[in-house]
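To start, the structure itself, in structure tokens.
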Amino acid sequence: MLEQYYSIAGERILIKSRQPFPITMFKNFECEASDDVMLTLEVDTDDSYMRCYGFSYFQCPNGWSHVLIGNQGESKILASKDWSELKLMGDGKSQNSWMELLAAGFYSRLTSFGGVLMHASVVEYKNKAVVFTAASGTGKTTQARLWNEYLNGRILNGDKVFFKEKDNLIETWGSPWKGSSPYAINDYAPLGAVIVLSQGKDNIIRPLEDHEIASMVLPHIFLPSWDTVCIDRVMEVVNNMFSQIHFYHLSCRPDEDAVLVTRNRLEQDNVF
């Protein structure tokens, strides 16, 4: 078997295949071989999934506890009970489809290591991560780009951000899953602030009240609803984040003033 090693959110994964199996999205996440592996994915092109007489059939091999199936049924990933072993079934050609399944499998395993996944962009500034979250199209990546343009902030990711609780700190990692943005940096910064965005005529930032945090932030966190054990782990980390981290609402325009107003408020609150 051929072996490829990658490091994502600071955790090493191993991909085994009988033939070369390049993963375009993982190009900048390659790492050296090691016995210290969080997750192993085996690629198996022998597919036991079939459609006939208006229904679909899939024979699940023994020893697997979970099955993730793509929307069109063309991709499937089997998983062990603790998500440490995955197996890709099918031809592997529909990379966009099974990469989302791999994200779900990887995330499920990462919850055992304090991991949380958020729909957000993240920029590193003065060694702290500033995270922008909102519904798609609101301007998460735009705000990150503005911080890069006017403050020389480093964009780690434009769409999906991994948090990882480690040594009583929250690390904020870029990931290979980047949506339509071009930003996917394999690095992290300690979490400084999470900012919920909305579009507005004026640039106004305010801290979220305690009773607002859950309702305004939780909708942007991916909950692994397929496994209640994983959900419990995610919520434990999220509750710790709620008590430790600065959360804000920013109503803004896509301009330099939005960056300066936000930066000044974070400095005032000693985020940096």
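A few remarks follow.
- L156 being hydrophobic (A, V, I, L, M, F, W, C), under 25 Å from L260 (Cβ atoms) and assigned to a strand (DSSP E or B): yes
- Residues within the range 219-242 that are closer than 20 Å to K164 by Cβ and either among the hydroxyl-bearing types (S, T, Y) or loosely packed, with under 13 Cβ neighbours inside 10 Å (or both), tallied: 2
- Of G137, G158, all but one fail to be surrounded by 21 or more Cβ atoms within 10 Å (Cβ to Cβ) and either under 21 Å from E100 (Cβ atoms) or touching a residue at least 24 places away in the same chain (Cβ under 8 Å) (or both); the exception is G158.
- Residue match in the range 170-183 (condition: part of a helix (DSSP H, G or I), in contact with a strand residue (DSSP E or B) (Cβ under 8 Å, 6 or more places away or on another chain) and under 30 Å from K81 (Cα atoms)): no
- Meets criteria (within 15 Å of the chain's Cα centre (by Cα) and among the aliphatic types (A, V, I, L, M)) for L218: yes
- Candidates are the residues of the range 115-134 that are in contact with a Lys or Arg (Cβ under 7 Å, 6 or more places away or on another chain) and polar (S, T, N, Q); the one that is surrounded by the most Cβ atoms within 10 Å (Cβ to Cβ) is S121.
- Residue match in the range 2-14 (condition: among the hydroxyl-bearing types (S, T, Y), over 18 Å from the mean Cα position of the chain (by Cα) and surrounded by fewer than 11 Cβ atoms within 10 Å (Cβ to Cβ)): no
- In the range 3-30, residue modelled with the lowest pLDDT [restricted to those that are touching a helix residue (DSSP H, G or I) at 6+ places or on another chain (Cβ under 8 Å) and part of a loop (DSSP other than H, G, I, E, B)]: I23
- Close pairs from the range 206-218: first under 19 Å from V161 (Cα atoms), partner loosely packed, with under 10 Cβ neighbours inside 10 Å, Cβ under 6 Å, at least 6 apart: none
The values are calculated or read from the model by the stated rules, or taken from the named source; none is laboratory data. Just so you know, these numbers come straight off a predicted model, no measurement behind them. Glycine gets a Cβ as well: all are built from the backbone with ideal geometry, and neighbour counts include every protein chain shown.
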